[in-house]
Amino acid sequence: MTTEVDVTGHVDDSAELAGYESVTRTQAAGFKSSKGAFVDVTTSVVWSGGKIAGVDQTYNRTGGAATGEMLKAWGFAGVLTEALVNHYALDAAEKAWKSGRCVDLKATTTPSQRTGLKPSTAVSILAQPVSKIDGKPVGGTVTATLAGESSVDPAGSPVPADATFAYVAPGEKDKTASVSLESRSKRGIGKVDVAFDTKAVQGWAIDQTQTPYRFTGVSCTSEKGPWVIDYAIQGVPGMVGGGVIKVTFPGAPAVVTTSPLKAMGTDKGEFKAAGLPGGVRFAGAAKATLTPSADAFTMGIRSGGSATGYARSRSRTMAWPESGFTLKVQQAPAGSCPSPG
């Protein structure tokens with residue numbers, strides 16, 4: 001006996017199975033015991049409202065010595081197979097769409113900073129459920145649940161997607177909390193946890209390579225500095241050297257300053273390189289930006305002016321075209337800064 005089962009399920013806006021239709025085709029033969037009898041049966045089942053809403057069985061073809069009792073037996077076998085296949089197939093599919101395999105719930109916060117928040121900081125959370133298949137919005141609703149101190153609004157109530165929630169950080173230092181978001185739609189369930197804390201950040205650090213330079217620096221005061229960033233040439237045969245960039249951001253993150261970076265190089269504004277004993281002196285101006293990013297902050301520096309190279313008794317000055325680079329500012333590794341007294 002062979003059986004083919006086609007199942008079409010229907011999911012409601014709460015990601016629950018609302019119903020299904022199945023079509024089962026059973027073909028069987030009994031050449032030995034039934035003297036060449038064979039039968040071809042199609043069974044259609046409609047399930048709705050938590051129960052069987054309709055069953056229809058059609059004998060497409062019978063032949064040989066097939067008896068009424070044999071047709072009923074093989075037809076029942078097809079129904080039983082259909083029930084077993086539907087049970088396991090639908091159960092597996094339901095586990096998949098409820099596990100988050102089908103929906104990606106994206107959570108964006110404003111401000112983007114989530115750790116080291118000042119007590120009672122207000123944060124806006126935008127929850128956007130999208131399909132993992134095509135990246136398109138799936139609609140439905142999103143529910144937020146708070147674990148920890150302070151508040152999230154609305155809490156525990158489904159909000160139409162895309163959904164915005166108002167979160168307030170704990171009112172004291174060194175506290176943690178998280179907001180669990182769950183989206184439900186006809187495409188399935190999406191989940192994400194957004195963690196927050198009011199712990200004091202133990203310094204900020206830069207450690208990044210942008211060929212041919214490696215930039216390193218630590219600010220134990222603030223992400224705004226003061227920064228003393230060392231850079232060194234690496235990966236260039238026959239050349240060594242480096243310098244220092246000093247920069248302090250007087251305003252809040254994302255504020256652009258056009259003040260000159262007076263020490264673009266060492267403290268004397270020099271860049272030392274092998275083969276040029278006198279070094280290279282940079283003259284000009286630069287501007288820097290500090291922008292919140294998903295990881296922490298992004299520091300951008302652009303400079304332009306002139307560079308004078310000194311080699312023993314002669315020198316040469318050339319234009320320094322405007323150029324720039326971007327550095328990641330992240331929380332410093334443990335032990336990078338002294339613990340607060």
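The values are calculated or read from the model by the stated rules, or taken from the named source; none is laboratory data. Remember, predicted model here, so these are calculated numbers, not experimental data. We place every Cβ from the backbone using ideal geometry, glycine too, and count neighbours over all the protein chains shown.
Residues being within 27 Å of Ser124 (Cβ to Cβ) and free of Cβ contacts under 8 Å to residues at least 12 places away in the same chain are entirely absent from the stretch 209-222.
If you check Val179, Val152 for being over 30 Å from Asp91 (Cβ atoms), free of Cβ contacts under 8 Å to residues at least 40 places away in the same chain and among the hydrophobic types (A, V, I, L, M, F, W, C), only one passes: Val152.
Exactly one residue among Ala177, Ala195 is closer than 17 Å to Ser120 by Cβ and in a strand (DSSP E or B), and that residue is Ala177. Would you call Ser336 at pLDDT 75 or above, outside the structural domain of Pro212 (by TED's automatic domain parsing), under 33 Å from the mean Cα position of the chain (by Cα) and of a type in the set (Ser, Thr, Tyr)? Judged against the criteria, Ser336 is a match.
Assess whether Asp134 counts as being in contact (Cβ under 8 Å) with a residue 60 or more places away in the chain and among the acidic types (Asp, Glu). Criteria not met by Asp134. Considering each residue of the stretch 290-303 in turn, none proves to be over 27 Å from Ser112 (Cβ atoms), at pLDDT 75 or above and part of a strand (DSSP E or B).
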